[in-house]
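What follows is a single structure, written as structure tokens, with notes after it.
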Amino acid sequence: MQTIYLVDNAPAVRERLFEMLQGVPETTVRMVSACARDAIDDILADRPDVVLLDLRLDQGSGFDVLRAVHEAAPEVDVYVLTSFASEPYRRLARRLGARDFFDKSTEFERMRAAVCARAASRH
């Protein structure tokens with residue numbers, strides 16, 4: 001069973017992600033946060049398998065979360081899902097350890113497919 005932690009400051013997006021991921025076999029969404037500091041603390045304490053991370057957060061940025069998680073827990077797969085999908089952001093996210101990067105406006109289904117493929121590869 002893979003566990004997912006959602007980090008997004010928009011309640012509507014968190015709800016949509018939660019609903020989308022409920023049907024992914026062998027997957028459970030265990031935590032949700034809108035705040036960078038809380039997300040870092042929770043992720044490092046719980047060590048979920050996957051983090052879906054927005055770049056715009058309360059009390060920090062997704063880059064802060066990505067940097068801290070990758071340094072302390074590189075086994076956690078972090079997928080960035082954001083509205084700020086310019087190429088410089090994509091490059092920085094990859095350099096900081098993101099497994100993949102998705103644009104919220106066009107790639108929700110691609111993100112879900114990546115999470116499904118990750119779950120399937122664990123069997």
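No lab work stands behind these numbers, since they all come straight from the coordinates. Computed from a predicted model, the values in this text were never measured in an experiment. Cβ coordinates were reconstructed from backbone atoms using ideal geometry, including for glycine residues, and neighbour counts include every protein chain displayed.
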Quick one: which residues, 5+ away or cross-chain, put their amide H under 5 Å from the amide H of Thr27? H built at 1.01 Å from N.
-> Gln2
How many angstrom separate the Cα center of region 3-72 from the Cα center of region 85-123?
-> 13
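Once Rh for the chain is found with the Kirkwood sum over Cα pairs, what is the Stokes-Einstein diffusion coefficient at 20 °C and 1.002 mPa s, in µm²/s?
On the way: Rh = 14.0 Å.
After rounding, the answer is 153 µm²/s.
Per residue of the chain, what 222 nm ellipticity follows from adding -39500 (n - 2.57) for every DSSP H run with n ≥ 4, rounded to the nearest 500?
It lands at -14000 deg cm²/dmol.
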Net charge contributed by nearby residues that have their C-beta within less than 11 Å of Gly60 (K/R +1, D/E -1) | 0
What is the gain in length, in nm to one decimal, between Met20 and Arg95 on full extension, counting 0.36 nm per residue of separation less the C-alpha to C-alpha distance?
-> 24.2 nm
Considering only Ala12, Gly62, Cys35, whose Cα is most displaced toward the positive end of the charge dipole of the chain, charges sitting on Cβ of Lys, Arg (+1) and Asp, Glu (-1)?
-> Gly62
So how strong a dipole does region 63-102 carry about its Cα centre when Lys and Arg Cβ are +1 and Asp and Glu Cβ are -1, to the nearest 20 debye?
-> 180
Can you tell me the FRET efficiency between Ala10 and Ser121 if r is taken as the Cβ-Cβ distance and R0 is 25 Å, rounded to the nearest 0.05?
-> 0.25
Where the only charges are on Cβ atoms (+1 Lys, Arg; -1 Asp, Glu), what is the dipole of region 2-121 about its Cα centre, to the nearest 20 debye?
-> 340
Take each complete run of DSSP H in the chain, measure how far its Cα atoms stretch along the helix's own axis, and keep only those covering 18 Å or more with mean Kyte-Doolittle hydropathy at least -1.0; list them.
-> 108-121
